[in-house]
1. Any residue that is open to solvent by 50 Å² or more (accessible area, probe 1.4 Å), in a helix (DSSP H, G or I), in contact (Cβ under 8 Å) with a residue 12 or more places away in the chain and under 25 Å from ALA72 (Cβ atoms) - is there at least one of those in region 6-20?
2. Could you list all residues from region 60-85 that are open to solvent by less than 40 Å² (accessible area, probe 1.4 Å) and at pLDDT below 95?
3. Could you go through region 37-59 and let me know if any residue there is exposed (fewer than 12 other Cβ atoms within 10 Å of the Cβ) and not in a helix (DSSP H, G or I).
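The values are calculated or read from the model by the stated rules, or taken from the named source; none is laboratory data. Keep in mind the model is a prediction, meaning the values are calculated, not measured. So basically every Cβ, Gly included, is an ideal-geometry build from the backbone, and we count neighbours across all protein chains shown. Protein only, heavy atoms only, side chains kept; ligands, DNA and RNA dropped before computing areas. Shrake-Rupley method; radii C 1.70, N 1.55, O 1.52, S 1.80 Å.
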Amino acid sequence: MPIIKSAKKRVKVARKATIRNAKTRRNLREALKNFSKSLSGGSKTEIEKAEKAAISAIDVAAKKAVIHKNKAARKKSQVAAKAKA
């Protein structure tokens, strides 16, 4: 355990950030899974809705620096290509 006051604060801040990042990552994975499920057996409108949610989740994760911006661009491209096909 840290002794210095600023180090104690960093532990608290890091813990909060870890929880926030985990939540963002979980939402991202969930959106991508829902998108792939809708591809396997869903209507066109359902696929479009899932694609929009997945792209939104990717954008949020990239904005919060949970994933790298280049990875976000790659994932968005893959999602769009799958939805189109």
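1. Scanning region 6-20 turns up at least one residue that is open to solvent by 50 Å² or more (accessible area, probe 1.4 Å), in a helix (DSSP H, G or I), in contact (Cβ under 8 Å) with a residue 12 or more places away in the chain and under 25 Å from ALA72 (Cβ atoms).
2. Selection gives ALA83 alone.
3. Yes, the conditions are met somewhere in region 37-59.
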